[in-house]
Amino acid sequence: MRDLKRYWKEVRELERNLPAYVWLMSLEDPLRDQAGGTLAEVPAAAAAKLLHAKSHRPATAEEIAGYLDKRSAAVQQEFHENLRRKGISIVPVPERPAPERIR
């Protein structure tokens, strides 16, 4: 049996060094039948446990930016799809310069 006091001491130490929320990337683990590559933002307490178990790693800035861009595009697409279902369409109007005033 593992030493539970040491485990929780290590987890709490990790948690103290983390910000309130952490972006984590899951790692592939064939023993647990876990596919890697899933990005999630989790509270520090949960992140400390996952990092201690070595089932996740901190996500890179590029991974986070890519995920947020994809999510933003998906939200925008869903918004336009909901409008389309309601029979509303958005037509872009090209900008024209204001007409010159004749004096």
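The values are calculated or read from the model by the stated rules, or taken from the named source; none is laboratory data. What you see is a predicted model; the values in this text were computed from it and never measured. We place every Cβ from the backbone using ideal geometry, glycine too, and count neighbours over all the protein chains shown.
Taken as a whole, the condition of being part of a helix (DSSP H, G or I), touching a residue at least 24 places away in the same chain (Cβ under 8 Å) and touching a strand residue (DSSP E or B) at 6+ places or on another chain (Cβ under 6 Å) does not apply to L14. Looking across the range 44-103, just one residue is part of a loop (DSSP other than H, G, I, E, B), surrounded by 13 or more Cβ atoms within 10 Å (Cβ to Cβ) and among the aliphatic types (A, V, I, L, M), and that is A59. Can you name the residue in the range 19-31 that is at pLDDT below 95 and assigned to a loop (DSSP other than H, G, I, E, B) and, of all such residues, is nearest to A59 (Cα to Cα)? Result: L27. Cβ-Cβ distances below 8 Å connect the following pairs, each with a first residue in the range 35-54 that is on the phi > 0 side of the Ramachandran plot, a second residue that is surrounded by 13 or more Cβ atoms within 10 Å (Cβ to Cβ), and a separation of six or more residues or different chains: G37/M25; G37/S26; K54/L27. Kindly provide the set of residues from the range 1-57 that are closer than 23 Å to R71 by Cβ and among the charged types (D, E, K, R), ordered by number. Once the filter is applied, which keeps residues that are closer than 23 Å to R71 by Cβ and among the charged types (D, E, K, R), the range 1-57 yields E28, E41, R57. Residue check: is Q34 surrounded by 11 or more Cβ atoms within 10 Å (Cβ to Cβ) and modelled with pLDDT under 95? The answer is yes for Q34.
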